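Input: a single structure, listed below in structure tokens.
The values are calculated or read from the model by the stated rules, or taken from the named source; none is laboratory data. Given the structure is predicted, the values throughout are model-derived calculations rather than measurements. Here the Cβ positions follow ideal geometry from the backbone for every residue, glycine too, while neighbour counts run over all protein chains shown. What goes into the accessible areas is simple: the full protein's heavy atoms, side chains included, and nothing from ligands, DNA or RNA. Shrake-Rupley method; radii C 1.70, N 1.55, O 1.52, S 1.80 Å.
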Amino acid sequence: MDAKVTWQGRLSFTGSAETGFTLPLGTTPEVGGDNDGFQPMELLAIGLAGCTAMDVASILQKKRQDMTAFNVQVHIRRETEHPKVINQATIEYTVSGHNIEEAALIRSIELSATRYCPAQAMFSKIFPIQMEYAIYEDLGDAGRKLVKRGSYIPTVDPVTPG
């Protein structure tokens, strides 16, 4: 995989990769930017969220779960001193649908965390990652109703089984 960023002036860049897609990168005015794109650390969080979301959605679909909405939110905590590395993350999976099985969601999260998501495997070697989930019953025009909220806690180290 190859990726690059091309300077656009000040602290603005355009990022691109082999797929041909591009995205803007920037930073805040406090450090000389124009707030005109994603900050690089945001892209790490988006990459983690996207990696595990694609796994979980794919597995839930294979398990024939009737999803009507799904999102994954990543909360990152960073050190206060430079280089302000990430020291903890929480991944929140929120699924809405009809009769979503908790066991199917937990297994999907487990497979993503322990087998399929390279971003999660890599980051879990560096900092702890908590995984939480919420299941909602889709009530159509009436909204949604919380059915279950919980946490997935791996029984073994997700990167080094045993």
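Summary of computed values
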{"item": "Low-density loop cleavage sites - chymotrypsin sites (Phe, Trp or Tyr not before Pro) in the stretch 68-150, where at most 15 other Cβ are within 10 Å (DSSP)", "result": "none"}
{"item": "Accessible area of VAL85 in the full protein assembly, 1.4 Å probe (Å², nearest 10)", "result": "80"}
{"item": "Overall dimensions of the stretch 32-124 by Cα: Rg and Dmax, Å", "result": "15.3, 50"}
{"item": "Amide H within-cut-off set for MET131, under 5 Å, with H built and near neighbours excluded", "result": "ILE91, TYR152"}
{"item": "Length-normalised contact order of the stretch 1-150 in % [C-alpha pairs under 8 Å, at least 6 apart]", "result": "17"}
{"item": "Helical contribution to [θ] at 222 nm, DSSP H n ≥ 4, -39,500 (n - 2.57), averaged over the chain, rounded to 500", "result": "-8000 deg cm²/dmol"}
{"item": "Residue among THR114, THR14, MET67 farthest towards the positive dipole end of the chain, charges placed on Cβ", "result": "THR114"}
{"item": "Net charge dipole size for the chain [Lys, Arg +1 and Asp, Glu -1 on Cβ; Debye, nearest 20]", "result": "300"}
{"item": "Calculated over the chain: convex hull of Cα atoms, volume per residue (Å³)", "result": "161"}
{"item": "Label-point gap, in nm, between GLU30 and LYS84 - each point 7 angstrom along Cα→Cβ", "result": "0.7"}
{"item": "Carbon/sulfur fraction of accessible area - the chain, other protein chains in place, 1.4 Å, %", "result": "54"}
{"item": "Gain in span if fully extended, MET1 to SER16, counting 0.36 nm per residue against the direct Cα distance", "result": "4.3 nm"}
{"item": "Tail fraction, Cα-Cα pairs, the stretch 70-126, threshold 17 Å, whole percent", "result": "50"}
{"item": "Of the trypsin sites (Lys or Arg not before Pro) in the stretch 57-162, those whose Cβ has at most 13 other Cβ within 10 Å and which sit in DSSP loop", "result": "ARG64, LYS84, LYS125"}
